[in-house]
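Okay, structure first, notes after.
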Ligand code: FCB
């Protein structure tokens, strides 16, 4: 496997997010985000860890860049960390005011950095923001029907709607004010679990497609076709916000490319609600996940409980976007696996499993590209071990091991392997 086997101009990189690596949470004028508030709640994060220092990239980032030249930045504007001030002032993402706030913030970034940054993304994983923040409450701001505040039947849909409108408003600013002169492009990052029907029964096939609609189509369908997927409209009915004609005009076609974050796949079977089913975004799927078929697991599990290693996932995901969504320019924008946090340096740097993971996933991605999928880049998650949200420091996704006490960095086998892929040596 080498970059030479990919189409000319294919991009390789690594992905990271500010909150997970930078630290300096309360310094240099940085105001608190909803994550700073959330991690203070005892029991929310493994070992009650904070991201106040995390791996200190705020001070150390230059060391990562010094040995390289020719790095091209791909900047994403929002990775879960809404200013807490907006949450307090007007209820954050639940309030439509957020659309203007986001567009103004995007405008500032585009104006200030657009001479150097030519590849923009508006949001990382809006589905995660809406579902984990407002359906099951596992992520900030921790709202759900069973939490101390929230409504899982309506709030995820309201938040998703505002995220889509915020995305579209930012893209509109870019297109009207900057794109012509700056000559860049803008898109969005969507998390994409691949849902495979457990059996070939009509009901399970429909459940798998419905799951893709509720997961990816929820955002991609409006962006490509100007409306929510039919299955979502039919099930959610009046709980689903509507786009006005003016909104459709700015939402439809509001990407120059789509980022596909792809880590895992699940089997799905049909599960219709019964009288006791609590009405919520997740129960609206009318589907259940299954992790084995005929006694054979879908794949080995990594450290994270949601992450089964299924190398054909990216193949299926980008091929699906190609077929259902008109083959937009795509990036495989996040992909990786984690080890437990308590792995020592000596163990951690010999990460043969991670090398095998990357080799198999990237090879499968290449098959999809050979089959015509318009995927033009690949980003590994992540360069460094870092603060993994709910899991704090009990998860290590890095190509580089970080000793969380001394903050020293130790490249893993996967870092050298990935370097050789990128430089064409492999
Ligand atoms: C993605 C997130 C990223 C990280 C990886 C493991 O869903 O975008 O921040 O948590 O998963």
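Under 6 Å between Cβ atoms, at least 6 apart or on separate chains: pull out the pairs that start in the range 125-144 with a residue that is in contact (Cβ under 8 Å) with a residue 12 or more places away in the chain and more than 14 Å from residue 94 (Cβ to Cβ) and end on any residue that is within 11 Å of the ligand (Cβ to nearest atom) and in a helix (DSSP H, G or I).
138/132; 138/390; 139/132
State all residues of the range 105-131 that are within 20 Å of residue 38 (Cβ to Cβ) and buried (at least 21 other Cβ atoms within 10 Å of the Cβ); if no residue qualifies, say none.
Scanning the range 105-131 gives 123, 124, 125, 126, 127, 129, 130, 131.
If I filter the range 1-27 down to residues being over 18 Å from residue 378 (Cβ atoms) and surrounded by 15 or more Cβ atoms within 10 Å (Cβ to Cβ), which single residue comes out as farthest from the ligand (Cβ to nearest atom)?
24
Can you name every residue in the range 314-332 that is part of a helix (DSSP H, G or I), within 16 Å of the ligand (Cβ to nearest atom) and more than 30 Å from residue 153 (Cβ to Cβ)?
Correct list: 314 only.
With (1) away from the ligand (no atom under 16 Å from the Cβ); (2) more than 17 Å from the chain's Cα centre (by Cα); (3) crowded, with 18+ Cβ neighbours inside 10 Å; (4) not in a helix (DSSP H, G or I) as the list, and residue 369 as the residue in question, which single condition is left unmet?
Answer for residue 369: the failing condition is (4).
Could you figure out which of (1) within 16 Å of the ligand (Cβ to nearest atom); (2) more than 20 Å from the chain's Cα centre (by Cα) isn't true of residue 125?
If we test residue 125 against (1) within 16 Å of the ligand (Cβ to nearest atom); (2) more than 20 Å from the chain's Cα centre (by Cα), just (2) comes out false.
What are the residue pairs meeting all of these: first residue in the range 385-405, first residue within 12 Å of residue 56 (Cβ to Cβ) and within 15 Å of the ligand (Cβ to nearest atom), second residue at pLDDT 95 or above and part of a helix (DSSP H, G or I), Cβ atoms under 6 Å, and 6 or more apart or on different chains?
These pairs meet every condition: 386/20; 386/21; 387/20.
For residue 49, indicate whether it is at pLDDT below 95 and out of contact with any strand residue (DSSP E or B) (no Cβ under 8 Å at 6 or more places or on another chain).
Values: at pLDDT below 95: no; out of contact with any strand residue (DSSP E or B) (no Cβ under 8 Å at 6 or more places or on another chain): yes.
Criteria not met by residue 49.
When you scan the range 209-313 for helices (runs of 4 or more DSSP H) that lie fully inside it, which ones turn up with 1 or more residues that are within 16 Å of the ligand (Cβ to nearest atom)?
Here the list reads 218-225.
Checking residue 407 against (1) out of contact with any strand residue (DSSP E or B) (no Cβ under 9 Å at 6 or more places or on another chain); (2) outside any loop (DSSP other than H, G, I, E, B), which single condition isn't satisfied?
Only one criterion is unmet by residue 407, namely (2).
Looking at the range 1-116, what helices (runs of 4 or more DSSP H) fall wholly within it and have at least 1 residues that are closer than 23 Å to residue 409 by Cα, touching a residue at least 12 places away in the same chain (Cβ under 8 Å) and touching a helix residue (DSSP H, G or I) at 6+ places or on another chain (Cβ under 8 Å)?
Values: elements: 18-21, 34-38, 57-66, 84-90, 97-113.
Ranges flagged: 18-21, 57-66.
The values are calculated or read from the model by the stated rules, or taken from the named source; none is laboratory data. These figures come from a predicted structure and were not determined experimentally. So basically every Cβ, Gly included, is an ideal-geometry build from the backbone, and we count neighbours across all protein chains shown.
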